[in-house]
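A quick write-up on the structure given underneath.
The values are calculated or read from the model by the stated rules, or taken from the named source; none is laboratory data. Note that this is a predicted model, so its numbers are computed, not measured. Ideal geometry is used to build each Cβ from the backbone, glycine not excepted, and the neighbour counts take in all protein chains shown. Just the protein is used for accessible areas: all its heavy atoms, side chains included, with ligands, DNA and RNA removed. Shrake-Rupley method; radii C 1.70, N 1.55, O 1.52, S 1.80 Å.
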Amino acid sequence: AHRIAFAHASNEFLSIIDKAVQDPSKRMPNGVVHVELEDVDGEVLQCMLDFIYTGTVDELSPLNEQEFLQDKYLLILEHATRFGMVGFKYLFEKLFIEHADLACFSMEKRIALYATAQSYDCKSLQEFILEHALDYFDRTDNIQELRTHVSNIISAF
């Protein structure tokens, strides 16, 4: 049953499991196969496993928490890409847009977030960040602040 869930969600996870099953040193005395994932954040992995088994996230999932999304966005995108979990990546984008507050981000962090979204081909997230920047322009009357803001954005690209 586990194999079917992983095969449906991620060929990369399935490959890791299949390799572990073939390695006698990974088999415990009770028959359970021990799989180690290096360089994987435990909280993000738990969210990915929840997604693999349910196809969504529970409302109590950290993926529904602003702070978690804003702190772990890079790891979430790295892991989703590494394990070929396109559906998880799209769900992350949707939840980030719903729960994150870009006003909490410094200009540098917003630029870094946009560059990350661009490198991981997160079109919805890129659009969200650009809309936030345009809203910022609409709300300010300070010309010097606008020049600085525009200059920072342009220098990032």
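Given the Cα-Cα distance of Ala115 and Glu38 and 0.36 nm per residue of separation, how much length would full extension add, in nm?
Extending this stretch completely gives an extra 25.2 nm.
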Keeping all protein chains in place, calculate the accessible area per residue for the chain (probe 1.4 angstrom), answer in Å². 61 Å²
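Could you tell me the convex hull volume per residue, in Å³, taken over the Cα atoms of the chain?
Normalising the Cα hull of the chain by residue number yields 118 Å³.
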Tilt of helix 86-99 relative to the longest C-alpha principal axis of the chain, in degrees (0 to 90, nearest 10)? 40 degrees
Using the per-residue mean of other Cβ atoms lying within 10 Å as a proxy for protection, in what order, highest first, do the peptides 120-128, 38-46, 74-82 fall? 74-82, 120-128, 38-46
Compute the long axis of helix 123-139 from its Cα atoms, compare it with the longest principal axis of the Cα atoms of the chain, and write down the angle in degrees, 0 to 90, nearest 10. 20 degrees
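For region 14-150, what % of the accessible area comes from carbon and sulfur atoms, probe 1.4 Å?
It is 52 percent, rounded to a whole number.
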Between His34, Phe51, Asn64, whose Cα lies farthest towards the positive end of the dipole of region 12-78 when Lys and Arg beta carbons carry +1 and Asp and Glu beta carbons carry -1, centred on the Cα centre? His34
Per-residue ellipticity at 222 nm for the chain, helices alone: DSSP H runs ≥ 4 residues times -39500 (n - 2.57), over residue total, nearest 500 deg cm²/dmol? -22000 deg cm²/dmol
